[in-house]
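Since every read-out is calculated from the coordinates, none of them should be taken as a lab result. As the structure is a computational prediction, the values presented were derived from the model and not from experiment. No Cβ is skipped: glycine too gets one built from the backbone with ideal geometry, and neighbour counts run over all protein chains shown.
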Amino acid sequence: MKPLIIAAVLSGLVIVLWIIGRVTFALQFFSVNSSANRPTLQPGQFFFTSKLIKPRRLRYLCYRVITPERGPGIWTHRLCGLPGDTIEIRAGILYVNGQNEDRHLSLMHIYKIDKKDTAGIVYDRSLSYTIPPYADTIYAPLEENYVQRCQLPCERYILPPGMRDDTIFRIYKKNWNRDHFGPLRIPAGKFFVLGDNRENIQDSRYMGLIEQSKYVGTVLWK
């Protein structure tokens, strides 16, 4: 009977710790429900977070958000700007305080592919598109590492400077777009977050800065 008693005690302890973790935000369990952070965080993956860990630049964090389309929720993005940091995206590359931070990351971007070359490229056709009248060019999200490793015959699609994005303009009152953004100094009490799937538009470029009071926890294993 002793093994059963020990197992019951351990199970009870785990449950108690789990309840304490949920109540205090010391330890929480989530699943990935979007493609915002591909290729590192894939839809359906599970992960733990803790509010006991201080948010650090380039770590994933979870935060509370309310959107008109989805209502309240908890979202996950990479923390790219802390208070006092200066953020700038030039030609699709993230610079923090003048340093290229994208060189450390595994990212996904939109690439232009000539239709005759698509047979040798693995991509999600449901997420690809064309821009009329240029039907011979396919625009598809690809992992940057995959493109470089396989030397694929494609070119990254980068918006030109000065092409204003109306959503970004409404928030920041600047003629910026997803690939040419900033410089922006992050004020006290705010975070700037980005998705690793950089053409996914639900991050601080399109939602504004995140209040630190909305912080839920830091992802533990990524």
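Comparing His109, Pro43, Cys150 along the charge dipole axis of the chain, the residue lying farthest to the positive side is Pro43, per the Cβ-charge model. With 10 Å bins beginning at zero, the pair-distance distribution over Cα atoms of the range 94-141 amounts to 22, 39, 22, 16, 0 %. This model, with +1 at the C-beta of Lys and Arg and -1 at the C-beta of Asp and Glu, gives the chain a dipole about its Cα centre of some 760 debye. Here's how it looks for Gln45: its modeled amide H is under 5 Å from those of Val32, which are all 5 or more places away or on a different chain. Close amide H contacts of Val216 (hydrogens built in the peptide plane, cut-off under 5 Å, sequence separation of 5 or more or a different chain): Cys62, Tyr63, Arg64. Sorting the Cα pairs of the range 52-106 by distance into bins of 5 Å, from 0 upward, gives 4, 16, 22, 20, 15, 15, 7, 1 percent per bin. When the Gaussian network model of the chain links Cα atoms closer than 10 Å, the mean-square fluctuations of Gly120, Gly71, Gly195 top out at Gly71. Within the listed set Ile93, Ile121, Ile113, the Gaussian network model of the chain (springs between alpha-carbon atoms below 10 Å) gives the highest mean-square fluctuation for Ile121. For the chain, the equivalent ellipsoid derived from the alpha-carbon gyration tensor has semi-axes of 36, 24, 15 Å in decreasing order. Measuring from centroid to centroid over Cα atoms, what is the spacing of the range 146-186 and the range 58-115 in Å? First find each Cα centre; the distance between them is then 11 Å. When +1 charges are put on Lys and Arg Cβ atoms and -1 charges on Asp and Glu Cβ atoms, the dipole computed for the range 108-156 relative to its Cα centre reaches about 60 debye. Backbone geometry of the range 194-211 corresponds, through the Karplus equation with coefficients 6.51, -1.76 and 1.60 at θ = phi - 60°, to 3J(HN,Hα) couplings of 9, x, 5, 7, 5, 8, 6, 9, 9, 9, 5, 5, 10, 10, x, 6, 9, 5 Hz, x marking Gly and Pro.
Counting only other residues whose beta carbon sits under 11 Å from that of Asp114, what net charge do I get with K and R as +1, D and E as -1? Charge balance in the 11 Å sphere: 0. For Pro83, neighbours were defined as the other residues whose beta-carbon sits under 12 Å from its Cβ, and their charges (Lys and Arg +1, Asp and Glu -1) total +1.
With a threshold of 23 Å on the Cα-Cα distance, the over-threshold entries among Lys112/Lys174; Lys112/Lys190; Lys51/Lys214; Lys174/Lys214 are Lys112/Lys174; Lys112/Lys190; Lys174/Lys214.
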